[in-house]
Every structure is written in structure tokens, then in C-alpha cells.
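What follows draws every value from the coordinates through simple rules; no lab data is involved. If you're wondering where the values come from, they're calculated on a predicted model, not measured in any experiment. We place every Cβ from the backbone using ideal geometry, glycine too, and count neighbours over all the protein chains shown.
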Amino acid sequence: MSRHFWYDEWREKKDRYARTDEPFLDADRFHSIAAGTGLPAIHQTSTFPFQSVTDGAQRFLGTSKSGEKPFARIYTRLGNPTTEHLERVLFRLECQHLIDAALAADERVPSVGVLACSSGMAAVSCVLLGLLDSGDEILAGNVYGCTDSLLRTLESKFKMTTRWVDLTRVEEVEAALKAHPRIIAIYLESPDNPTLAISDLRAIGRLADQYRIPLVVDNTFANPYLQQPFRLGADIVVHSLTKYVNGHSASIAGCILGPWNFMQTACFSIYKDLGPTPSPFDSWLNCLSVQDLGHRTEAICRSAAELAVFLADHPRVHRVHYPGLPGHPNHRIAMSQMRNGGGMIAFELEGGMKPARKLMNFFARKDTPMELAVSLGSAVSYIQHPASMTHAGVPAEDRRARGITDDLVRFSVGLEGVSTLRDALIRGLDLAYGKKQRNRD
């Protein structure tokens with residue numbers, strides 16, 4: 001029996017509707033859904049009038065018969081029509097296969113719910129607080145620096161425990177689950193941030209099923225076009241919409257998709273009380289940008305694949321981390337669950353931190369086609385230093401154990417084009433190693 005009251009019902013639906021042999025939605029159908037969703041009106045209001053006292057009472061009970069999302073049109077902290085539109089789009093892009101299967105079976109009870117949040121970390125926080133009780137344990141691997149920090153805060157304040165393991169090694173996951181029966185969930189990123197290691201979601205999902213615990217997947221580095229974790233065995237999926245979904249560094253937002261009963265109870269109660277709600281305008285911006293998500297991602301990934309090969313062949317680059325390269329240790333798994341190698345590259349330079357610093361400072365200049373900044377998934381390319389920036393809060397010993405070395409550089413490929421970015425990298429690497437720069441026309 002699972003500790004989670006919603007798990008057993010969800011597991012039956014997961015096996016019937018969610019898990020599939022096909023790892024992702026047909027590309028043309030994805031593009032059609034994304035582009036065809038249209039744009040909602042911007043409901044820039046904080047509150048909504050009720051038709052009667054009875055109507056207000058039903059809405060607070062989540063039993064309104066209007067066909068709207070439960071609790072909607074009470075107060076924008078609980079729901080907003082513009083945000084509902086975004087949630088429906090994201091639900092379809094991640095779960096269209098589940099919708100199709102449930103409709104074919106004449107399923108009348110919802111299977112998956114979705115909540116848009118004010119940031120990716122708001123989404124992560126709601127999930128963890130919705131899952132964990134004092135004294136619980138969670139299994140986690142290499143995660144974003146603020147997720148790592150949140151887990152450590154929960155440990156110190158609420159006496160829960162994080163069991164840190166290398167989630168790319170399925171045998172370590174199984175050993176940890178056997179040794180620690182109080183583990184109530186597995187939390188992972190794949191590809192992970194920033195080393196781009198890949199976890200076998202199918203194998204870990206089967207282990208989670210065996211131990212009757214949910215598998216939570218942060219899908220930010222892939223996005224719904226490249227990877228659809230519900231098909232692979234995930235139970236809960238989170239995103240930072242700020243990244244690929246928005247794609248223009250114009251909005252901060254996140255989202256959670258998970259079993260309906262979890263979302264409507266444990267997760268929504270946290271969401272309602274903490275208020276991590278996106279503004280209607282932020283939701284509208286993401287409704288706009290999601291329309292060309294697949295096409296943007298395809299263009300970015302084509303450039304990333306070529307630039308990864310260029311970097312791997314460069315005599316000054318010591319190591320390249322890119323799942324699309326055949327030499328990546330998790331390449332086979334990546335290609336079985338992702339549409340391609342993605343738009344993120346990490347690399348280490350010969351000579352360590354000194355030339356890496358020079359390279360990154362080169363891209364801090366205003367005359368280069370890349371920015372020294374910590375975001376990713378944008379039309380603009382970004383380069384940054386994880387050890388001193390996004391993962392600075394992770395203890396140094398843990399960083400090194402996870403492969404986040406002081407000379408690791410993270411590169412988010414944008415839409416500037418291969419030749420432009422390759423030429424800029426050549427110039428930056430020449431400068432980093434003291435090679436004289438040619439005058440440019």
C-alpha cells in the first residue's frame with residue numbers, strides 16, 4: 001500500500017493511459033496543437049463577481065457546475081481565465097496521448113491536473129511540500145542549485161532527509177530504495193543541470209512503481225517537445241516555463257502536471273495558501289510564446305548538435321557534455337527518450353578555470369552574439385559558470401562529486417545561427433589562450 005492516498009488510483013490510470021512505447025508526440029501534431037491554441041484575452045483582474053451566494057459557496061468548495069476549473073473565477077491567486085488557457089495548452093502538449101486514450105475508453109474522471117506557477121521554483125516547492133511530511137525521505141540526484149538548497153532547508157527545518165545518489169546508475173537507485181524504506185518519492189532532472197547527465201526514466205519509473213512511490217521529473221532542460229516524461233513512467237512533471245516555453249527571457253513562470261487527486265488536494269492546498277500564482281499577463285506571454293515552441297526548439301537543437309561537434313574537435317576543449325554526441329556516456333538512453341540531443345552544452349577547457357573565465361568574460365562584452373547570464377532556452381545564447389553562479393550554494397564537495405568542476409562552462413544555444421556562434425567561440429577561445437585577434441572588417 002502506498003503512503004500517498006492518491007497513488008493506487010493514479011497507478012491504474014497511468015498504466016492504461018499514460019505510459020506508452022512511443023516516447024513523444026508526432027512533431028507535426030505537436031506543432032499543430034501549439035500553434036492552434038490561439039491567444040486568450042488578458043483577464044487583468046484580481047477578483048471575480050459571483051452570480052449568487054450559492055454560486056460563491058460552490059466555487060469555494062470546488063464544485064461549480066460551470067465546466068470551469070475548480071476554484072476558478074474566485075480570486076486570481078486561485079485561478080484566472082488567462083492562466084487556465086495556458087494550463088490547458090501545456091496539458092495537451094505533455095499529455096495529448098493520455099487525452100486520446102482516455103477519450104477512446106470513455107473515461108469520465110480526470111486523470112491529470114495542471115497548475116501554472118509564478119516560477120519554476122514555485123512549482124518545485126509546491127510539489128515537494130505537497131508530497132513530504134516531517135520525517136520523510138526523498139531520493140534525489142544532481143539538481144538545480146536552488147532545488148538543492150530547498151531540499152537542504154527542508155532537512156534542517158522539518159527533519160526530512162534527502163538521499164543523494166547518482167540517478168544515472170539504476171543499480172544505485174535500487175540499492176537506495178532497498179536500504180531506506182522511508183523514501184516516499186524520487187526527484188530527478190534529465191538532462192540534469194548543469195552536467196547534462198541522462199537518467200533512464202523508464203527503468204527508474206519501473207522501480208518507483210515497484211516501491212509504490214511517485215517519480216517526479218523536472219523536464220525544464222528538455223521541454224515538452226523534446227521529452228514527455230509521462231510516456232516514460234513519470235508520475236509528476238515540473239517545468240520552469242521561464243526557459244524554453246517562454247523562449248525570450250520575457251517572463252518568469254513554472255508549471256506542475258500530476259495525478260488529478262494529488263493536484264486537487266495536497267498540491268492545490270499548498271498552492272492556494274502560499275500564493276505562487278503567475279500574473280495574467282505572464283500567462284498571456286507564455287500562451288504567445290508556446291505557439292512556436294517546437295519550431296524554436298528544432299532550430300536551437302540543430303545548432304547545438306553542430307556546435308557540440310565543433311567544441312569536441314577543438315584542441316583546447318578538454319571535454320564536452322552533450323547527450324547527442326555518441327561519446328556521451330548516456331547517449332543511447334538519451335536517444336531512446338528524447339527527440340534529439342537538446343539545446344544545452346556543457347564543456348571544460350584545457351588549463352582549467354583561468355581560460356574558462358576569460359572565455360566567459362569575452363561574452364560579457366556587448367559586441368558578441370551571446371550573453372554572460374544564467375538563464376537558458378532563449379532565442380539569445382547564454383553562457384555561465386555553474387560552480388560560482390547557479391550551483392554556488394551546493395557544498396563544494398558535493399559539487400565536485402556530481403561533476404560540477406570549477407572549469408565547467410554551461411552554454412545555452414540560441415537562435416543566432418551556427419556560423420555566428422561558432423565564429424564567436426573561435427574568437428573567444430583564441431582570446432582565452434592568448435592568441436592574437438585579427439582585426440575585423
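Numbers below:
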read-out	value
Nearest-20 debye value, segment 1-141 charge dipole, Cβ charges on Lys, Arg, Asp, Glu	520
Mean separation of Cα contacts under 8 Å, 6 or more apart, over the residue count of segment 7-291: relative contact order %	28
Check: the chain dipole with +1 on Lys, Arg Cβ and -1 on Asp, Glu Cβ, in debye	740
Shape category assigned to segment 293-432 from the gyration tensor of Cα positions, a/c cut at 1.5	rounded
Counted charge near MET1, where neighbours are those whose Cβ lies closer than 9 Å (Asp, Glu -1; Lys, Arg +1)	+1
Burial order of peptide ranges 345-352, 307-314 (average beta-carbon count within 10 Å, highest first)	345-352, 307-314
Mean separation of Cα contacts under 8 Å (6+ apart) over length of segment 293-432, as relative contact order %	27
All-pairs Cα distance distribution in segment 7-291, expressed in whole percent, bin size 5 Å	1, 6, 12, 17, 19, 18, 13, 8, 4, 1, 0, 0
Shape call, segment 269-321: gyration tensor on alpha carbons, a/c limit 1.5	oblate
Mean separation of Cα contacts under 8 Å (6+ apart) over length of segment 214-256, as relative contact order %	38
Cα-based reach from LYS366 at 17 Å (exclusive), listing lysines while leaving out same-chain residues under 8 positions away	LYS358
Dipole axis of the chain (+1 Lys, Arg; -1 Asp, Glu on Cβ), positive-most option in CYS146, ALA176, VAL114	CYS146
Furthest towards positive pole of dipole, SER289, PRO23, SER381, structure part the chain, Cβ charges	SER381
Prolate/oblate/rounded call for segment 104-245, Cα gyration tensor, a/c under 1.5 rounded	rounded
Mean ellipticity per residue at 222 nm, deg cm²/dmol - from DSSP H runs of n ≥ 4 across the chain, formula -39500 (n - 2.57)	-12000 deg cm²/dmol
Selection from TRP10, HIS97, SER52 lying farthest towards where the dipole of segment 1-153 points positive, charges on Cβ	SER52
